[in-house]
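The values are calculated or read from the model by the stated rules, or taken from the named source; none is laboratory data. These numbers were taken from a predicted model, which means no experiment stands behind them. Cβ placement follows ideal geometry from the backbone for every residue including glycine, while neighbour counts extend to all protein chains displayed.
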Amino acid sequence: MSSFSLSRRMTGVSESATLKLNALVQSMKASGEDVVNLSAGEPDFAVPDAAKAAVVKALQENRSKYTPVAGILELRKAIAHKTNLQHRELAAKNPWDPSQIVVANGGKQAIFQTLLAIVNPGDEVLIPSPFWLSYPEMVKLCEGSPIILTCPFDKGFKLTPEQLERAISDRTKVLILNSPSNPSGVTYTAAEFRALGDVLRKHPKGKDIVVISDEIYDRILFTGGDFVSFLSANPDLYQQTVTVNGLSKSAAMTGWRIGWTVAPKWVTDGILTIQGQSTSGINALAQYAALAGLQLPEDYFAQNNDRYLKRRDLALEVLARAPKLKVIRPEGAFYIFVGVDDFLHSGEDSAGFAERLLRDGKVALVPGTPFGAPTFLRMSFATDDESLRKGCERIVEYVGRT
Ligand SMILES: Cc1ncc(COP(=O)(O)O)c(C=O)c1O
């Protein structure tokens with residue numbers, strides 16, 4: 001018998017949950033079936049021309065050697081500037097500077113490195129559900145314990161201060177917040193963030209808890225107001241807050257792998273050591289593209305936002321024809337989280353429903369189970385209007401006949 005084995009830290013870590021569904025979509029398409037795929041987790045818009053041009057220029061000028069581990073200085077300056085605009089009160093006294101920023105291979109690596117830098121085996125990481133599906137798996141890879149705080153549909157999928165207070169234990173190390181949220185599209189108001197911050201301020205363990213605020217969808221927002229970050233609502237908590245962002249969603253640059261952390265020095269030092277000994281500075285050309293992405297005019301973001309908003313409203317209008325579908329109007333990101341409790345067969349969860357919907361209704365949605373919501377499915381509206389309308393009509397038609 002072989003003695004090969006994976007490390008203990010791999011125990012219970014799931015693979016990507018969408019693989020099986022995607023394989024089915026591909027095989028149905030290959031056999032000529034007309035499937036509407038509303039499972040995408042990325043913008044359908046092209047990469048901005050300015051980013052493409054910046055890469056070509058950097059390549060021609062041979063700016064493609066190793067870069068500093070944290071990223072080129074111009075890019076980190078641009079990120080500091082962007083972050084300071086979002087944290088005006090904090091920035092007035094204590095502005096972020098490039099030394100507090102590490103550019104990583106996407107928001108994903110930025111979050112993972114942060115957890116790796118601060119979580120000890122057995123530490124508890126609080127994750128409000130529904131959550132972005134990688135959070136608990138990353139925590140397990142760091143040998144921490146993901147503690148899922150269920151935020152029900154009728155509470156707007158949001159963490160309440162009481163719930164946070166009850167969940168804090170002697171082993172709590174991190175709280176992960178994500179606004180706007182993938183998968184629910186829910187956003188927190190400044191007052192809601194402040195109320196969560198108050199719990200950390202008052203609780204005897206509160207000052208030892210690091211907040212990872214995942215703000216990757218900050219530029220896709222339908223509230224009509226300015227984006228609200230956790231730290232803009234709680235500027236005094238900057239020594240225990242790590243802000244994560246990137247260009248994957250805002251500038252449609254998913255494949256370029258550009259994300260970053262903005263963090264106090266003590267965390268940044270840890271992240272830098274990890275990145276320095278693992279990936280080093282990210283692809284040099286992607287960094288020049290990122291600089292161009294950060295310098296895009298406000299109009300670029302506003303126009304995209306407008307297109308997403310119209311699509312959201314189109315999808316909501318069609319889905320409303322099936323009133324038994326549970327839907328929360330998303331205030332950001334490009335997903336609608338749809339509850340199908342009334343349509344599940346006995347013993348079935350959303351994965352079973354998603355498979356039926358795909359085979360018989362010819363629409364692909366992502367099951368909510370790996371997002372911590374087993375009776376919901378995630379529908380992406382990052383697709384053209386015609387496919388979106390057709391997909392939503394098929395969903396309505398399918399639930400009408402099941
Ligand atoms: C909530 C959330 N955080 C982080 C990420 C990671 O983004 P990136 O593609 O930049 O790694 C995603 C991507 O889907 C996401 O939805």
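If the condition is being of a type in the set (A, V, I, L, M, F, W, C) and near the ligand (Cβ under 8 Å from one of its atoms), then segment 231-258 contributes Val244, Leu247, Ile258.
Looking across Lys57, Lys20, Lys29, one residue alone is surrounded by 13 or more Cβ atoms within 10 Å (Cβ to Cβ), among the charged types (D, E, K, R), part of a helix (DSSP H, G or I) and modelled with pLDDT of 95 or more. It is Lys57. Filter segment 371-402 down to the residues that are surrounded by fewer than 24 Cβ atoms within 10 Å (Cβ to Cβ) and either assigned to a loop (DSSP other than H, G, I, E, B) or under 23 Å from the mean Cα position of the chain (by Cα) (or both) and list them by number. The answer is Gly372, Pro374, Thr375, Ala382, Thr383, Asp384, Leu388, Arg401, Thr402. Kindly establish whether Phe131 is of a type in the set (Phe, Trp, Tyr), within 16 Å of the ligand (Cβ to nearest atom) and under 17 Å from Ser179 (Cβ atoms). Against the criterion (of a type in the set (Phe, Trp, Tyr), within 16 Å of the ligand (Cβ to nearest atom) and under 17 Å from Ser179 (Cβ atoms)), Phe131 qualifies. For segment 14-26, the criterion of being more than 16 Å from the ligand (Cβ to nearest atom), in contact with an Asp or Glu (Cβ under 6 Å, 6 or more places away or on another chain), over 22 Å from Leu296 (Cα atoms) and not aromatic (Phe, Trp, Tyr) is met by none of the residues.
Please pick out the residue among Glu143, Glu124 that is surrounded by fewer than 19 Cβ atoms within 10 Å (Cβ to Cβ), in the same structural domain as Ile212 (by TED's automatic domain parsing), out of contact with any His (no Cβ under 7 Å at 6 or more places or on another chain) and at pLDDT 95 or above. Reasoning before the result, please.
Values: Glu124 fails: surrounded by fewer than 19 Cβ atoms within 10 Å (Cβ to Cβ).
The match here is Glu143.
Would you confirm whether any residue within segment 216-224 is among the basic types (Lys, Arg) and in contact with a strand residue (DSSP E or B) (Cβ under 7 Å, 6 or more places away or on another chain)? No: segment 216-224 contains no residue that is among the basic types (Lys, Arg) and in contact with a strand residue (DSSP E or B) (Cβ under 7 Å, 6 or more places away or on another chain). Gly347 meets all of the listed conditions (1) farther than 20 Å from Pro130 by Cβ; (2) assigned to a helix (DSSP H, G or I); (3) not charged (D, E, K, R) but one, namely (2). Confirm whether Gly339 is modelled with pLDDT of 95 or more and surrounded by 22 or more Cβ atoms within 10 Å (Cβ to Cβ). When the stated conditions are applied, Gly339 does not pass them. Take the conditions without any contact (Cβ under 8 Å) to a residue 40 or more places away in the chain, within 16 Å of the ligand (Cβ to nearest atom) and of a type in the set (A, V, I, L, M, F, W, C) and apply them to Phe157. Does it pass? No; evaluated as a whole, the condition is false for this residue.
Residue by residue through segment 204-230, note down the ones that are more than 25 Å from Asp313 (Cα to Cα), within 14 Å of the ligand (Cβ to nearest atom) and of a type in the set (Val, Ile, Thr). Within segment 204-230, just Ile212 meets the criteria.
Let's see how each residue does on (1) among the β-branched types (Val, Ile, Thr); (2) within 30 Å of Ser350 (Cα to Cα); (3) crowded, with 22+ Cβ neighbours inside 10 Å:
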{"site": "Val186", "(1), (2), (3)": "yes, yes, yes"}
{"site": "Ala195", "(1), (2), (3)": "no, no, no"}
{"site": "Ser250", "(1), (2), (3)": "no, yes, yes"}
{"site": "Thr268", "(1), (2), (3)": "yes, no, no"}
{"site": "Gly276", "(1), (2), (3)": "no, no, no"}
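Residues in segment 84-127 that are in a helix (DSSP H, G or I), away from the ligand (no atom under 16 Å from the Cβ) and within 29 Å of Val199 (Cβ to Cβ): Asn84, Leu85, Gln86, Arg88, Glu89, Leu90, Ala91, Ala92, Lys93, Gln100, Ala117, Ile118.
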